[in-house]
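The values are calculated or read from the model by the stated rules, or taken from the named source; none is laboratory data. This is a predicted model, so every value here is computed, not measured. Cβ placement follows ideal geometry from the backbone for every residue including glycine, while neighbour counts extend to all protein chains displayed.
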Amino acid sequence: MMPFPGGIDANANATLVFSLAAAVIYAFALGMPPRLARSAAKTLAVAMLAVLALLQGGPLLLVTALALSAIGDAFLSRDGEKAFLGGLASFLAAHVVFVALFVRSGSGIGLLAAEPWRGAIALAMALFALVMLVALWRRVGPELRVPVSVYIVAILGMGVSALTLNNLWVIGGAILFMASDGLLAAEKFLAPAISPHRVWMRYAVWVLYYAAQLGITLGFLLG
């Protein structure tokens, strides 16, 4: 049974299948050298979610955030500090747009106080962000400390603002997004270069990240 009207050949369902296929292909290509085909698969996985949101008349802010994320994926699919900074800037912009989307669609920050479980998750997010900031501050170079700090604040804002929505798909997606980013930071900056854990961490980062984007997208389109 497909999530959108029509069969698998309907535009929306076909686009979703295309996105899922690209995500699976990239997962299998994770251990390969950074080549054009691998970059294309990673970029298309979320780019197709942006197309899906556009086809289904989703919020323009959602389409924009997904498109910016796809651009970030394109950068991060390559090696080097310039590619990393390009990805960081793209995802920073994406998180700012996600915050605008969630604030516009949510019921206000007062909901965190009205429903204790939301406030508890927000507190856990804040502690998680603080731990990330302290751990990374000592490990990244001086030139990266400000960009990384701004990024952590942005993703915290994304997570907390998602808690103002009455949509568990979106809230779950935001939590997975934060977990993915935290694991990515640990893999890139905290894990030793020869650590055997780097392999599973890369796979976990991708699975958590794609699940996050998929959850947020379907939360808005089907919620």
Mind telling me which of the residues Ser77, Ser90 ends up being of a type in the set (Gly, Ala, Ser) and out of contact with any Leu (no Cβ under 6 Å at 6 or more places or on another chain)? Ser77
Given the options Leu190, Leu214, Leu222, Leu184, name the one that is within 25 Å of Val160 (Cβ to Cβ) and buried (at least 21 other Cβ atoms within 10 Å of the Cβ). Leu214
Within segment 1-51, count every residue that is over 29 Å from Gly80 (Cα atoms), among the polar types (S, T, N, Q) and crowded, with 17+ Cβ neighbours inside 10 Å. 2
Elements of type helices (runs of 4 or more DSSP H) in segment 65-142, at least 1 residues being within 16 Å of Gly159 (Cα to Cα), out of contact with any helix residue (DSSP H, G or I) (no Cβ under 8 Å at 6 or more places or on another chain) and of a type in the set (Val, Ile, Thr): 116-137
Leading residue by the ranking (surrounded by the most Cβ atoms within 10 Å (Cβ to Cβ)) among those in segment 163-181 that are β-branched (Val, Ile, Thr) and either at positive phi or part of a helix (DSSP H, G or I) (or both): Val170
The condition of being loosely packed, with under 15 Cβ neighbours inside 10 Å, free of Cβ contacts under 8 Å to residues at least 40 places away in the same chain and within 19 Å of the chain's Cα centre (by Cα) holds, among Ala114, Ala120, Ala126, Ala93, only for Ala126
Within the bounds of segment 132-153, is there any residue that is modelled with pLDDT of 95 or more, farther than 26 Å from Leu85 by Cβ and aliphatic (A, V, I, L, M)? no
Check off (1) touching a Phe, Trp or Tyr at 6+ places or on another chain (Cβ under 7 Å); (2) crowded, with 21+ Cβ neighbours inside 10 Å; (3) not in a loop (DSSP other than H, G, I, E, B) for Arg145 and give me the number that stays unchecked. (2)
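Yes/no per residue for (1) touching a Cys at 6+ places or on another chain (Cβ under 8 Å); (2) of a type in the set (Asp, Glu); (3) within 24 Å of Leu62 (Cα to Cα); (4) touching a residue at least 24 places away in the same chain (Cβ under 8 Å):
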position: Ile152; (1), (2), (3), (4): no, no, yes, no
position: Val160; (1), (2), (3), (4): no, no, yes, yes
position: Trp169; (1), (2), (3), (4): no, no, yes, yes
position: Ala174; (1), (2), (3), (4): no, no, yes, yes
position: Val199; (1), (2), (3), (4): no, no, no, yes
position: Gly215; (1), (2), (3), (4): no, no, yes, yes
Just one of (1) more than 22 Å from Ala93 (Cβ to Cβ); (2) touching a Leu at 6+ places or on another chain (Cβ under 6 Å) trips up Ala129, so point out which. (1)
